1. Express the accessible area of the chain per residue in Å², computed with a 1.4 Å probe while the remaining protein chains stay in the model.
2. Can you list residues from other chains, or at least 5 along the same chain, whose modelled amide H is less than 5 Å from the amide H of Leu301?
3. Once neighbouring chains are kept in place and the probe is 1.4 Å, which whole percent of the accessible area of the stretch 191-328 is contributed by carbon and sulfur?
4. What is the percent of Cα-Cα separations in the chain that go past 30 Å?
5. Pull up the DSSP beta bridges for the chain and report the antiparallel fraction as a percent, rounded to 5.
6. Determine the relative contact order of the chain: mean sequence separation of Cα pairs under 8 Å and six or more apart, normalised by residue count, in whole percent.
7. Pull out a ≥ b ≥ c, the square roots of the eigenvalues of the alpha-carbon gyration tensor of the stretch 278-325, then state rounded if a/c is under 1.5, prolate if not and a/b is larger than b/c, and oblate in the remaining case.
8. To the nearest 20 debye, what is the magnitude of the charge dipole of the stretch 69-191 about its Cα centre, counting +1 on the Cβ of each Lys and Arg and -1 on the Cβ of each Asp and Glu?
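The values are calculated or read from the model by the stated rules, or taken from the named source; none is laboratory data. Just so you know, these numbers come straight off a predicted model, no measurement behind them. Virtual Cβ from ideal backbone geometry, glycine too; neighbours counted across all protein chains shown. Please note that ligands, DNA and RNA were not included when accessible areas were found on the heavy atoms of the full protein model with its side chains. Shrake-Rupley method; radii C 1.70, N 1.55, O 1.52, S 1.80 Å.
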Amino acid sequence: MPVNLLEFSNGGGCGCKVDPLKLKQILGDYNSGSVDKILVDLTDRDDASVIEINSDFCLIQTLDFFLPIVNNPYDFGKIAAANALSDVYAMGGAPITALSILGWPEQKLPIEFASQILEGAESICNQVGISISGGHTVNTKEPLFGLSVNGTVKKEFLKRKNTCKIGDYLYITKPLGIGLLSNALQNDTLSEEGYSELLEITCKLNILGTELGTYSHVTAMTDITGFGFLGHLSEMLTNNRGAEVFLDNIPVIPNAIEIAKLMKYPNITTSNYNYIKDRTDGLNGVEFLWLCDPQTSGGLLFSSSEEMNIDGITLIGRVITGNRIKLV
């Protein structure tokens, strides 16, 4: 039986997330209450929750799952695992345990495909010295998979999403365009080269986040996922902070640019655009299709009070006064 996971997916990977405006409506004024040991919770809208273990260390907890982004079960497992681990790295931490979340349409797809998904996920977890130690599986109408991940971080190295400062430099660690590639794959128009790019980028771990956490001049950090580059950047820029973004510096997958020129893109792209359009200046052309593109296992976006020159990062802007995002 040929594998065709994408026929069950109405928006692969992080493209199936509830759009940011609807999520804001769902959460509303929800407050999870005050517990002394919880340093970061749902109210903070950060990448993971953080619990104080003792005066030196914190526990990071995150959960991430989605519908298939590719047809191959093993590749789907790898991408989903890398994506779930990313939230721990975005807080400056390192993963220590993982549990699986698997929904499987057992009347429609062979159970061995589900096993291949787990094998792919385990291969990614093994790269960082952890294993999938348990989980939960249910019978569903469409396949979904992800991980609940625990990590640790020294309290002094913990990074938050919205703690950047005026004058900080902005950096990202991966090119944009994964949503455009995955949408082309779903429509059976992605080349073999494009698929190789998709797999390479989404399976690349954001382990650099652990190192960035140790730098005191790194002032804030998040990862770029379903709300796109501009959506996640806007979430960093609270309290009368804006950004000047150097449009020509932003790395974009070349194949994704060509796909964008055909005006073929994931549905959530327009929702992401509506989320940031009233705050963004200079968003006049087709570039909105990659700046608002939903990323699955996207790169880190972080701010630094000092210029940095290390492998794997690209300077893309500065934090400025005011609440505007200005593309220059």
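1. Accessible surface, normalised per residue, equals 43 Å².
2. Here the answer is Thr222, Asp223, Ile224, since their amide H atoms fall under 5 Å of that of Leu301.
3. Here it works out to 47 percent.
4. Percentage above 30 Å: 31.
5. That works out to approximately 80 percent antiparallel.
6. Once divided by the residue count of the chain, the mean separation gives 24 percent.
7. Cα axes put the stretch 278-325 in the oblate bin.
8. Its charge dipole is roughly 640 debye.
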